Every structure is written in C-alpha cells, then in structure tokens.
Amino acid sequence: VQLQASGGGLVQPGDSLRLSCAASGRTFSTYGMGWFRQAPGTERESIAAISNWRYSSTDYADSVKGRFTISRDNAKNTVYLQMNALKPEDTGVYYCAATNLPSATREERFYVYWGQGTKVTVSS
C-alpha cells in the first residue's frame, strides 16, 4: 500500500488542523493505521493508532489524549488526524503508517508501510 500524507502547515497555539493520509489499494480497510510524529532533534514517536475495519478501537499517546482524534473512512481509503488545541510542542513532521495487525497498536516495529510526512509548525 502507498500512503500520502497532507494537511500540514503553520498554525498558532490553540488552533486546529486536520491531517489526511490517502492510501492506495483495495485492502486499506484491513490495515491498522497510525500517526507518528518527529520533532526536530528527537526520535519519531507514536501518537495515535486506529484498528482495522473489524474492530473499533483507538489508542493515543498521553501527550495528545483529549486533543487529537484519529479516524478513518474506508470508503475513501483515508485516515485522518484531527488536532485541536495545538501547542508549540506539537511541532514536527507527521507520518502516517500502516500495519498488518488488525489492532490499534502504537508500536512502531509493527508498521511496514509509511507515508512521506507532512510538516506541522505551531508558533505564534
């Protein structure tokens, strides 16, 4: 599967932004999906995950819980990350990824397909 992330940009603290990740292929609904973030000078971290079509589960990093929402539209082969109440520490490059596991796992080692990343900058 090929993934294309989009929707990044420059926003102010407190603003909202929605990232999209469009996937190719007819089996998108079978993949668990995740969003990862890499801030400047840091390692990539998992921030959100959603299970495949069979299960209805999500998981979030503590740093984004209550502010970010991951969702998917299997008819459009797209996964979203709605980001509210953005903070400067949310700045980074955001990557979407797909795993063959059906569950909402945030363990990076299980992700085999990666998008190219979209940059989010939160600054006043």
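For trypsin sites (Lys or Arg not before Pro), the sites in segment 1-49 that DSSP calls loop and that have at most 10 other Cβ atoms within 10 Å are Arg26. Ranked from largest, the principal axis spans of the Cα set of the chain equal 41, 24, 24 Å. Under the criterion of Cα pairs below 8 Å and six or more residues apart, the relative contact order for the chain equals 37 percent.
Each other residue within a Cβ distance under 10 Å of Arg44 adds +1 if Lys or Arg and -1 if Asp or Glu, for a net charge of -2.
Read-outs throughout are calculated quantities, based only on the coordinates presented, and are distinct from any laboratory measurement. All figures in this text were calculated on a predicted structure; none of them were measured in a lab. Every residue, glycine as well, gets a Cβ built from its backbone with ideal geometry; the counts of neighbours run over all protein chains shown.
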